[in-house]
Amino acid sequence: MARSVAVLGAGIVGISCALHLHRRGFEVTLVDRREPGSETSFGNSGVIGRASIAPLSQPAIWRKLPRYAANRDRAVRFGPGYPARELGWFVRFLANSRPGAFDANARHLNALLSHALGEHEALLAGDSGLLRRDGWLQLFRTEAGFEASAGSRALWYRHGVRFRILDREGLRELEPHLGPVFERAIWLTDIASVADPGEVCRRLADRFAAEGGTLLREEVRALRSVDGEARVALADRELHADATVVALGPWSADLVAPLGYRLPVIRERGYHLHLSPRHNEPLGRPCFDAEGAYVITPMRAGLRITTGIEFSAADAPPTPVQLESVLPLAREAFPFGAPAEPEPWLGARPGTPDSLPVIGRAPRHPNLWFAFGHASIGFALGPVTGRLIAEMVGGESPLLDPAPYSATRFRAFGLGR
Ligand SMILES: Cc1cc2nc3c(=O)[nH]c(=O)nc-3n(C[C@H](O)[C@H](O)[C@H](O)COP(=O)(O)OP(=O)(O)OC[C@H]3O[C@@H](n4cnc5c(N)ncnc54)[C@H](O)[C@@H]3O)c2cc1C
């Protein structure tokens, strides 16, 4: 049984793993080259709950494919040559659109997401005022747009996700400052959100340190395989621990590849920009303009607009085309003033073809654990993943069946891309 654990990556996932492990008596070192929670876990929309139980690859995707492929849909954009470069990933992604695969993936997402809010509340105990429980709104500019949400609504019904359908008047009562461009809205009432995801991470990391955990500000240079064990190389030494958890978000797949794990986790890039309200008009909750393909979340730094997915190489320069195309629509939706910063933030969701994260023991290295690939729901799922990892490392019976999230599901493909 492991006594000491190195957790690599101090985003929401790594911090949550570290806290849960430490509270079970492990000696934990949490390693990051930056301040905790300053990458993807800082830049997201801050939504927590079961809004996103639909995997990205769904039966209806084939109808949207021609628009996506031609970069004519604001929700998705492809960098030059990118689909050809990651062909294996896209083929598997499309294979997951079969109704059977879609239903199974949605069930497995729902199993995780049903614990998201409860596990955030448990980790943030004492600080749970950081969580707003005002729900999340999906907005529709046309009846046709609303009709197109029928599949999502059916899925929510099936899984008991509570929501209310609002007409123009109902929406005006709930969010009086939204512009009169929306015909309908769906209010998912049990969803929570936060006004500063980076601050949530910092508070949890502070708690980990205050409770006696070790935070190490260093770069992980490589993972090496020695006699069937994974070893962690820092700049000038090896980091010794009985077990290692890889929670490096979008950087994870590259770090584990030299150990022979060519896992299909790619970077789904996304941008955010904060704008001020024109005259301090409040917005009560995160809003998703379904036809506009952007989210507005009220944040401490301003109203954060986040974009859809840009499939592009990690090292490609920022191309905030999606952000530029949604800004005029966002200005119709809400009385925005000036941007609060000169340049947009760019980050990446670590995405798998089945939209499920990779959680569990590495198939060929018993001392290595995977906790990454959380795509668009990783902020919500960090604490659930942290608990699952700690339970598995400690040999306890886990909160839920972890089998669907194991890296072994990629074995049929040689664990390859
Ligand atoms: C635009 C956008 C909107 C989103 N909206 C939501 C949302 O509303 N709700 C939701 O649940 N999720 C959302 N997400 C997804 C969510 O943000 C991510 O899934 C989640 O933050 C991933 O957390 P993580 O801890 O795995 O990765 P990260 O937060 O990226 O943490 C990884 C850490 O590893 C460190 N690291 C990397 N390489 C090394 C190295 N070699 N050595 C040392 N340290 C290293 C990094 O510094 C970083 O701190 C969104 C994502 C984006 C991009």
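Worth pointing out:
- Note on Val226 and Arg33: the model spin-label points, each 7 Å out from Cα along the C-beta direction, lie 2.2 nm apart.
- Taking 15 Å as the cut-off, the amide N atoms of segment 128-146 that come nearer than this to a point 7 Å along the Cα-to-beta-carbon line of Ala210 belong to 128-130.
- Simple spin-label estimate for Asp254 and Ala150 gives 4.4 nm between the two label positions (7 Å along the Cα-to-Cβ direction from each Cα).
- Computed FRET value (nearest 0.05) for Ala104 with His279, which takes r as the C-beta separation and R₀ as 45 Å: 0.40
- Ordering of 51-62, 309-320 by packing [mean C-beta count within 10 Å, highest first]: 51-62, 309-320
- For segment 81-91, 3J(HN,Hα) computed residue by residue from phi via the Karplus equation (6.51, -1.76, 1.60; θ = phi - 60°) reads x, 5, x, 5, 5, 10, 3, x, 5, 5, 5 Hz, glycine and proline entered as x.
- Loop-located trypsin sites (Lys or Arg not before Pro) in segment 167-234, at most 16 other Cβ atoms within 10 Å (DSSP): Arg221
- A simple spin-label model places pseudo-atoms 7 Å from Cα toward Cβ; at Arg85 and Leu400 they are separated by 3.4 nm.
- Sites Arg164 and Arg409, calculated FRET efficiency, Cβ-Cβ separation with R0 41 Å, nearest 0.05: 0.70
- In Hz, Karplus ³J(HN,Hα) per residue of segment 312-317 (6.51, -1.76, 1.60; θ = phi - 60°; x = Gly, Pro): 7, 4, 4, 9, 5, x
- Length released on extending from Arg3 to Glu238, taking residue separation times 0.36 nm less the Cα-Cα span: 82.9 nm
- Added length on full extension, which subtracts the Cα-Cα distance from 0.36 nm per residue, Arg364 to Lys64: 104.1 nm
Quick note: the coordinates plus some simple rules give every number you see, no bench work behind them. These numbers were taken from a predicted model, which means no experiment stands behind them. Reconstructed Cβ throughout: ideal geometry from the backbone, glycine too, with neighbour counts over all protein chains shown.
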